[in-house]
Amino acid sequence: MIEKTEIKHSRKIAYSIAGALVVVALTLGSSVYARRVLNTTELVHFFVPFPAGKVVRPRVVVRPDGRKIFVRPLVINVNERGLLKRIFNPGLEGVSTHWLVNVDTRPHRIGMNLTNVDVPLRWQVGAGIPWDPVSRTFKEAVAPGESVPDLGVDWIFEFPRERRSKNVWYEGELIIFDADTGENLTVFPLKFQVGQGK
């Protein structure tokens, strides 16, 4: 009888340890997911040609060499995110580009801006030419038909719980401008919303 009680007690201890290990694994796993997986699989990636004017509808922009770039307003349905992200990272959303492409016949030194930002936003910019994070401009011009080399830009929005209770989490514009003249070259409407909307 004593042996059966000891076996039951040992099983309870083993189950408790296993349960604690599962909780620790989920906690650590969600932290790794938050830092690594979101940045590689949950960001919306898109091409940014400039100058392309204001992108108010889906259309094609033609590069100087005749290749085409499809552009459209960026409307992101947060309900279409993966289950793990919706559980562990419901407030983090982002967009990303690796392609800032000069479709003009002359060089442009460009900068980037996001309008109407009233939530925490992280800019993560890496490129093969120098970037000034204060003015949000590149220090070298991009030649006609060329792209910013070795580019990676992520814009990570952190939406608080009260914002996530609304139908529209963010609505603004991504602006690519000429850093020397201040002229807007390309404007992408950007919207994070619940559901398909309009």
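Of the strands (runs of 3 or more DSSP E) lying entirely inside the range 37-103, those carrying at least 1 residues that are over 18 Å from the mean Cα position of the chain (by Cα) and at pLDDT 90 or above are 44-50, 59-62, 68-71, 92-102. Taken residue by residue, the range 187-194 has at least one member that is surrounded by fewer than 17 Cβ atoms within 10 Å (Cβ to Cβ) and at pLDDT below 95. Flag: VAL148 does not match the condition of being under 14 Å from the mean Cα position of the chain (by Cα), surrounded by 14 or more Cβ atoms within 10 Å (Cβ to Cβ) and of a type in the set (Val, Ile, Thr).
Each row is one residue, and each column tells you yes or no for (1) surrounded by 13 or more Cβ atoms within 10 Å (Cβ to Cβ); (2) charged (D, E, K, R).
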{"position": "PRO49", "(1), (2)": "yes, no"}
{"position": "VAL56", "(1), (2)": "no, no"}
{"position": "ARG63", "(1), (2)": "yes, yes"}
{"position": "ILE69", "(1), (2)": "yes, no"}
{"position": "ASN77", "(1), (2)": "yes, no"}
{"position": "PHE88", "(1), (2)": "yes, no"}
{"position": "LEU92", "(1), (2)": "yes, no"}
{"position": "VAL95", "(1), (2)": "yes, no"}
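Within the range 44-62, residues that are within 13 Å of ASN184 (Cα to Cα) reach partners that are outside any strand (DSSP E or B) and of a type in the set (A, V, I, L, M, F, W, C) with beta carbons closer than 6 Å, at six or more positions or on different chains, in the pairs PRO49/VAL103.
Would you check if TRP123 is in a strand (DSSP E or B) and surrounded by fewer than 16 Cβ atoms within 10 Å (Cβ to Cβ)? Yes; evaluated as a whole, the condition is true for this residue.
Looking across the range 176-198, the residues that are out of contact with any Ser or Thr (no Cβ under 7 Å at 6 or more places or on another chain) and in a strand (DSSP E or B) come down to PHE177, ASP178, ASN184, LEU185, THR186, VAL187, PHE188, PRO189, LEU190, LYS191, PHE192, GLN193.
The values are calculated or read from the model by the stated rules, or taken from the named source; none is laboratory data. Because the structure is predicted, anything quoted here is derived from the model rather than measured. Note: ideal-geometry Cβ built from the backbone for every residue, glycine included; neighbour counts use all protein chains shown.
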